[in-house]
Amino acid sequence: MAKDTLTITDNRTGKQYEIPIEHGAIRAMDLRQIQVAAADFGLMTYDPAFTNTASCKSRITYIDGDNGILRYRGYPIEELAEKSDYLETAYLIVKGELPNRQHFDMWKRNITLHTMVHENVKKFMDGFRYDAHPMGMLVGTIGALSTFYPDAKNIFDLESRRVQTRRLIGKMPTIAAFAYRHSRGLPYVYPDNDLSYTGNFLSMLFKMTELVYKPNPVLERALDVLFVLHADHEQNCSTNAVRSVGSSQVDPYSAVAAAAAALYGPLHGGANEAVIHMLMEIGSIDNVPAAVKKFKAGEGRLMGFGHRVYKNYDPRAKIIKRIAEEVFEVTGKNPLIDIAVELERIALQDDYFVKRKLYPNVDFYSGIIYQAMGFPMTMFPVLFAIPRTSGWLAQWAEMVRDSEQKIARPRQLYVGEEIRHWAPVAQRPEPASREDAVTEQI
Ligand SMILES: CC(C)(COP(=O)(O)OP(=O)(O)OC[C@H]1O[C@@H](n2cnc3c(N)ncnc32)[C@H](O)[C@@H]1OP(=O)(O)O)[C@@H](O)C(=O)NCCC(=O)NCCS
């Protein structure tokens, strides 16, 4: 019978090593025994951006990028998007199972109890400049929450982890909405706990003088489905951040603030904004063939296309495309959708995109929907961060409970100078080009 091991021959020494394979991976530490001399450090792997390194074992989210499959805790994303809602999906992600009726009611009540923020949080947010980016406000405010809840430091206490989880999932829409209202110069709207999670969020965003805000049920449900689709996505940049920062045993607010900061970057949470800019620049359907030609020639990229993991249609993009039609029934059509659909049609027939397995990703249609719903582009990453909070917290808790995890501390391949000795300024040798030598450092 074939053995689950890997045999390695070190051609430097002629020695052979047999290394176990578990879950389709070898342990990097098993390579350390491969040495030329006894004093050697041992062999390492070099993997910038962890493109082929599993940093953890996880039971939360499964992705099969070649076949366009995404599952939370084993449940296909398509079923959850159609039949579940965000709070139920968040329960599933955080706790591992779908709730029974009693547990679900308790979960909803517990989250709802935590939608208010301390009045000082409001004052604190008021201190941001009038034109502060809402994502910057969100990152700063999440981090500041750790000062309001010092009990969050007890990360090995199950009850404390549970409370912080409810608090953060409950407060994220409130902080997000306050950040939006601040940037619009509008008074903050307090949570309305008679509304659903997304209904209340819409109320805190858009309520004006009416006594009770009634969210449009189609938009409320559309936003809820978008939240389901964004709840987790295994070891992406921000999840890696929450695990890495959390591995120092800092409180979850600080770790989640780090994750949100990672999401602020244009390569992560900013791609749907880039799609809108691209569609506006293309301007009309007639310009689509010329734009595709440009992308193929390497002049810019077709934003919202291609994915590090999915080499097939991103299953979330299919669902989002469907939601777009429902949203436009209410809001009127966002004219950019016609350009997007034509781009997709042409690209999916084109050899360049087919050969490279470039398909629409989650960001291709989401920005168009958010824009039609009245969100400014600066709110796009905020709308991503709210639902991703359940994923970040589930991944953080999994890391905290995992006895195999230690403080994250990658190795490096040092390629810098050998030892040099300090000399007085007059005696320092000039590098070949001081300009290059100094400026390349920053
Ligand atoms: C997401 C992304 C970074 C994944 O990149 P990756 O897996 O590292 O793939 P690569 O950058 O190595 O690209 C592989 C090939 O496809 C091409 N390619 C990838 N995405 C492309 C795009 N959106 N438009 C045009 N060409 C693209 C690359 O030029 C490269 O071609 P080459 O082999 O001829 O050099 C990339 O597809 C991209 O930049 N997409 C646009 C931005 C976007 O939508 N980001 C959101 C991701 S959720």
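Laid out as a table, the results:
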{"item": "Relative packing of peptides 343-353, 388-398 - highest average C-beta neighbours within 10 Å first", "result": "388-398, 343-353"}
{"item": "Set of aspartates and glutamates near Lys357 by C-alpha distance (under 17 Å), chain-local residues within fewer than 8 positions excluded", "result": "Asp64, Asp66, Asp314, Glu344"}
{"item": "Gaussian network model of the chain, springs between alpha carbon atoms under 10 Å - residue of Glu78, Glu234, Glu159 with greatest fluctuation", "result": "Glu159"}
{"item": "J(HN,Hα) series, region 44-50, from Karplus relation 6.51 cos²θ - 1.76 cosθ + 1.60, nearest Hz, glycine and proline x", "result": "10, 9, 10, 8, x, 6, 6"}
{"item": "Exposure proxy ranking, count of Cβ atoms within 10 Å, fewest first, for Phe50, Phe380", "result": "Phe50, Phe380"}
{"item": "The chain: angle of helix 271-282 to the longest principal axis, Cα-based, in degrees nearest 10", "result": "70 degrees"}
{"item": "Percentage relative contact order, the chain, counting C-alpha pairs under 8 Å, at least six apart", "result": "19 percent"}
{"item": "Length-normalised contact order of region 67-208 in % [C-alpha pairs under 8 Å, at least 6 apart]", "result": "23 percent"}
{"item": "Set of aspartates and glutamates near Lys57 by C-alpha distance (under 14 Å), chain-local residues within fewer than 8 positions excluded", "result": "Glu22, Glu234, Glu398, Asp402, Glu404"}
{"item": "Gaussian network model of the chain, Cα within-10 Å springs - most flexible of Thr165, Thr115, Thr209", "result": "Thr209"}
{"item": "Interchain or long-range residues, amide H under 5 Å from Phe305's placed H", "result": "Asn361"}
{"item": "Tail weight of P(r) past 43 Å, computed on alpha-carbon pairs of the chain, percent", "result": "23 percent"}
{"item": "Other-chain or far-sequence residues with amide H under 5 Å of Lys15's (modelled H)", "result": "Asp10"}
{"item": "Highest-MSF residue in the chain out of Ala222, Ala257, Ala290 [GNM, Cα springs under 10 Å]", "result": "Ala290"}
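Every number here is computed from the coordinates shown, using simple stated rules; none is lab data. Note that the structure is predicted; figures quoted are calculated from it, not measured. Because the Cβ atoms are built from the backbone with ideal geometry, glycine has one as well, and the counts that use them run over all protein chains shown.
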